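Since every read-out is calculated from the coordinates, none of them should be taken as a lab result. Since the structure is predicted, the reported quantities are computational estimates derived from the model, not experimental observations. Methodologically, a virtual Cβ is constructed for each residue, glycine included, from the backbone with ideal geometry; neighbour enumeration extends over all protein chains shown.
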Amino acid sequence: MSKKSFRQAINEALRQEMQRDPRIILMGEDIAGGQGGSAGVVDAWGGVLGVTKGLYTEFGPDRVFDTPISEASYIGAAVGAAATGLRPVAELMFVDFVGCCLDQIMNQAAKFRYMFGGKARTPLVIRAMYGAGFNAAAQHSQALYPLFTHIPGLKVVIPSSPYEAKGLLIEAIRDDDPVIFLENKVMYDDEEEVPDEPYTIPFGEANLTREGDDVTIVAFGRMVNFANEAADRLEKDGISCSVIDPRTTSPLDSATILECVEDTGRLVIVDESSPRCNMATDVAALVVEEAFESLKAPIRRVVPPHTPVPFATVLEKLYLPDAARIESAVRSVMAYKKTKQDA
Amino acid sequence: MQIAHNILLRSYRSMRTIRDFEERLHVEFATGEIPGFVHLYCGEEASGVGVCAHLTDTDTIASTHRGHGHCIAKGVGVEGMMAEIYGRKTGVCHGKGGSMHIADLSLGMLGANGIVGGGPPLICGAALSHKVLKDGGVAVAFYGDGASNEGTTLESLNLAMVWQLPAVFVCEDNGYGEATGASYACAGTQKARAAGFGMPYFECDGTDFFAVHEAAGQAIAHARAGNGPVMLHVHLARWYGHFEGDAMTYRINGEVARERAEHDCLKNFRQRVTEVSLLDPSALDEIDASVKDEIEAAVKAAKSAPLPEPADLEADVYVSY
Amino acid sequence: MTDLITPITMPKFGLAMTEGKIASWNIPPGGHVDAGQEIADIETTKITNGYESPASGTLRRQIATEGETLPVGALLGVLAEPAVNDADIDVFIAKFQTDFSSDSAASTQADHAEPVLVSVGELTLRVQEAGQGSGTPLLFIHGFGGDLTNWMLNQNSLSTDRRTIAFDLPGHGGSSKIVGDGKPATFAATAAALLDKLDVTAVHVVGHSLGGAIALELAKAFPQKVASLSLIAPAGLGQGINMDFIEGFISADRRKTLEPVLNYLVHDKTLISRKMIEDIIRFKRLDGALQSLQTIAQACFPNGRQADDIRPALTAFSGPSQIIWGAEDEILSPADAKGLPDTITVTILPQAGHMPQLENAPAVNAAITQFVK
């Protein structure tokens, strides 16, 4: 057990799994880096943010494949390799690039098992960075997990911390279905205690990071940290919140969300993806349908506006949900009175 | 090239099976009993069979939406296929895939594919599996002239060269992508495209089994020997419309009739093997009769097979969820 | 006047503790406290424990507020007799705070020993050592599902005049998840090998629960290595065992299902903290952990009974031995300590469950200190 960054936790998960199973291969753009360069250096980058650094050096060219900048072919190749005996972990770099290879994910990987009558296994992991907060602007900052969550046949994982990242990534690699594993790029340097040994965190099991009686906050990925921060501040004012990190949006642990809302009667959902048809709408629909009677106040969603992610720091700050906005949403549901009913 | 008797007989049987299967579907589809839509491979039999004659179950193929022929050539049973096309529970995909998604991974058949250009990237992955697992296999992507214009195909030609994969790109050029002629849609030539990636190129007359067998043999041997990917350009003619029900108003009268009369791979095969007494005509007649029975039985079985049940709707989306 | 003023500082429970939270003050400002009386409840990441006042006096100031988290050694409050005037107290506090902020970093760093990994044959064991001195070294052996942090309230206290060694059994904590046949004798052999590796010839052994049975097997197989036995709620002396605990510990995979299982461990259920539950869930997620627990449970407690009767080993052991048991143990019965030779001291602690070393650490520490003198 030692302090590890989000980046190190992911790197360690990949390394330990590759040591365990020779069928696990990595592919992606510059995941080693330097191939064909004039210096003859390989493993120059280890991925654009250094997450896969050292893996080429340890496992060599038969396990770690740099790809041309050619998402459709290599993501498709990962799908084909998964269907024929390998267990690829493909890195899509920025999840925004899914526009170049969505067919291979949506129409191929996600559909094989069903349309082939349950006979296919596609043990594939696609890792990609998501999220705003890096001044990376509209084409490198999206939080596209609702897009994948929408597609039956895919599993979607959004780790909220280094510990979560390692356990969920190992689980993803051992899973026999295609898994989209989304890493918030702002979190790579976040640190916490992470076991040195391999471990797994099951999918579809939400994590209650805070337990409270007044308000349930459901938050995804990096937003879990903001929700915790808001909950800790509110606690000082006597407002006690439960914070739910669903960990995976597909499968979604709806039982834990419903149970928690039934206990607290109030729900705030924090989702950094674009507000229409996102996880917040999905969770809101679930709760309204299944736990309507227990609601003491309208559900509040803390989400960005329906715009692309802006570039300028001042605008990007306005765009992203933060602890202060979560706090005020919680206060607003606490202040709500059912006036009409009383009248 | 000398071809063993058993290979000749097996290949003829495959081609005859495809022909009868497709012709029968043409008839049955018109009755309205078959749901969805089907794309027939009639006239192109020698291509799939000539290529697959060089493959074993270890090798992988990816097919197209016009996939019945590739499935049969790779060894998928017609009874399961027919039941699938009829949407029955006994179908090879339990009635959940249909004509465009017939697959049998245990036979290295990675699936017909409803997406034009869907196969080539998958075949890069399958070829990578063969390379990494060192099983000696090759992976073959069948794709049409229409798919040759997809970015996925062009990216795959590049990736396969970059990774030096044991991959074979079989461009089945039947002259039409849906209702648009290749002469309109394909700039340059397939040969020049292969050359652009530095990829060895082979071509052949796809209505001549022996020509396909010869060219495919060389192409596959190249890839299997670890020399990297190859392109095999097969010139073909499509006998039916893009899908059943296509009136083909974009083709001149007599175009198909001439193809049937002059470029029928089965007639051509029979003539070639009997004129040099390689095979006895009676052996071929026997195959014709047996295939006829087989198709008849498959249709009968499919029509009486059980339908999928409500519980099947939500089954097999995931291995576990 | 300052000698009449006693600072109350954040205590250090266990080697790993670097900070603690004031869960509650038990003495109001201005209230009197006797030495040894619990002045506050301190919550660490592992456990909430009463902090016994080091002196008697009036609690003149509560510096730390409830809910506040402070580093070890930080000023929580000030005791002084009513005669001491407020100005002197203010001066004292100001000076303390200045001194503390300047040396706290260095000092807490210095005595904060991290566990280390030690290779023993094919195994890697996580080992926590403390103390030095002329006394015969002391070895702690934890029980089923435990780890070396089970001794967090004991190891420091027992390390004042000797080297002490706590380690994670194979299959537990940070040690290899390889348990062989999962029998106590196998773990005893591993413990002996660890002592060899650490160049320790003989030790006082403190074993808890299944670790008690392992201690007995160690004494049986390697009598020359065992100077004395202190067995806390040991297994191996009777047949009964609370299988709801064993099976629940193995099967529970969520906080909600695990908490009632862990409640069996202690008499005071509030000791089972959120963090303790989370740590056990995290341990069980490690590759091989669950299989290790299953193997041990199958080997040691088949058919809901304890498989091995190790009483003969205890009666045959020629060195001194004692037994300490919580009267309210819900997992192994203190009645198992009956019928032993008179030479074996048996201490039954009231108001304590299966883990008296946590629930009544002062009594357990005192009993062991006395015993190994």
Acute angle (nearest 10 degrees) that the helix C:361-372 long axis makes with the longest principal axis of chain C, alpha-carbon atoms: 60 degrees
³J(HN,Hα), Karplus 6.51/-1.76/1.60, whole Hz, each residue of the stretch B:186-203, x for Gly, Pro: 9, 7, x, 10, 4, 4, 5, 5, 4, 4, x, 9, x, 9, x, 10, 10, 9
The stretch A:150-219: radius of gyration over Cα atoms, expressed as a fraction of 2.2 N^0.38 Å: 1.22
Dipole magnitude of the stretch C:116-372 about its Cα centre (Cβ charges: Lys, Arg +1; Asp, Glu -1), debye to nearest 20: 300 debye
Computed magnitude of the charge dipole of the stretch C:239-373 (debye, nearest 20; Cβ of K, R +1, Cβ of D, E -1): 340 debye
A:SER2 paired with B:ALA179, simple spin-label distance in nm, labels 7 Å along Cα-to-beta-carbon: 6.8 nm
Antiparallel bridge percentage (DSSP; both residues within chain C; nearest 5): 55 percent
Electrostatic dipole magnitude of the stretch B:90-238 [Cβ: Lys, Arg +1; Asp, Glu -1; Cα centre; debye, to 20]: 400 debye
For the stretch C:236-373, with +1 on Lys and Arg beta carbons and -1 on Asp and Glu, the positive-most of C:ASN365, C:VAL346, C:PRO334 along the dipole: C:ASN365
DSSP beta bridge pairing in the protein assembly as shown, given as percent antiparallel to the nearest 5: 35 percent
Between the stretch C:169-215 and the stretch B:185-230, the Cα center-to-center distance that results, in Å: 66 Å
Cα convex hull volume per residue for the protein assembly as shown (Å³): 235 Å³
Integer Hz, Karplus 6.51/-1.76/1.60 couplings in order for the stretch A:78-84, x for Gly and Pro: 4, 5, x, 5, 5, 6, 10
Length gained when the stretch C:ALA327-C:ILE348 is fully extended (0.36 nm per residue, less Cα-Cα span): 7.0 nm
Using a Förster distance of 25 Å, the FRET efficiency for C:THR18-C:ASP99 (Cβ separation, nearest 0.05): 0.85
Shielding by partners, peptide A:191-204 (average Cβ within 10 angstrom, other chains): 4
Span from the the stretch C:295-345 Cα centroid across to the the stretch C:51-76 one, whole angstrom: 40 Å
Fewest-first ranking of C:LEU231, A:LEU252, using other Cβ atoms within 10 Å as the exposure measure: A:LEU252, C:LEU231
5 angstrom amide H check on B:TYR176, placed H, neighbours 5+ away: B:ALA182
FRET efficiency, A:GLU262 to C:LYS338 (Cβ-Cβ, R0 35 Å, nearest 0.05): 0.10
For A:PHE94, distant residues with modelled amide H under 5 Å away: A:MET129
The stretch C:2-110 - percent relative contact order, Cα under 8 Å, separation 6 or more: 31 percent
Exceeding the 26 Å Cα-Cα cut-off - candidates A:LYS3/A:LYS185; A:LYS4/C:LYS95; A:LYS3/C:LYS12: A:LYS4/C:LYS95
Under 5 Å, built H, 5+ apart or other chain: amide partners of A:THR216: A:SER242, A:ARG266, A:LEU267, A:VAL268
Three-way shape label, the stretch A:10-153, alpha-carbon gyration tensor, a/c 1.5: oblate
Positive-end extreme of charge dipole, the stretch A:217-343 - chosen from A:THR307, A:GLY265, A:SER250 (charges on Cβ): A:THR307
Rounded, prolate or oblate (a/c below 1.5 giving rounded, otherwise prolate when a/b exceeds b/c) for the stretch C:116-372 by Cα gyration tensor: rounded
Counting DSSP beta bridges with both ends in the stretch B:5-301, the antiparallel % (nearest 5): 10 percent
J(HN,Hα) series, the stretch B:134-147, from Karplus relation 6.51 cos²θ - 1.76 cosθ + 1.60, nearest Hz, glycine and proline x: 6, 9, x, x, 10, 10, 10, 9, 8, 8, x, 5, x, 5
Kyte-Doolittle mean at least 0.0 and Cα axial length at least 20 Å: DSSP H helices in chain B: B:119-133, B:209-224
The stretch A:268-343 versus the stretch C:119-137: alpha-carbon centroid distance in Å: 53 Å
Distance between modelled label sites at B:THR249 and B:ALA283, nm, 7 Å Cα→Cβ extension: 4.9 nm
Exposed-site-free run, longest, chain C (rule: GluC sites (Glu not before Pro); DSSP loop; at most 14 other C-beta within 10 Å): C:123-373
The protein assembly as shown, helix-only ellipticity at 222 nm - DSSP H runs n ≥ 4, -39,500 (n - 2.57), divided by all residues, nearest 500: -11000 deg cm²/dmol
Cα gyration tensor shape of chain B, rounded if a/c is under 1.5, else prolate or oblate by comparing a/b with b/c: rounded
Where labels lie 7 Å past Cα in the beta-carbon direction, separation of B:ALA195 and A:PHE292 in nm: 7.0 nm
29 Å Cα-Cα reach of A:LYS296 towards lysines, excluding residues that sit fewer than 8 places from it in its own chain: A:LYS236, A:LYS337, A:LYS338, A:LYS340, C:LYS256
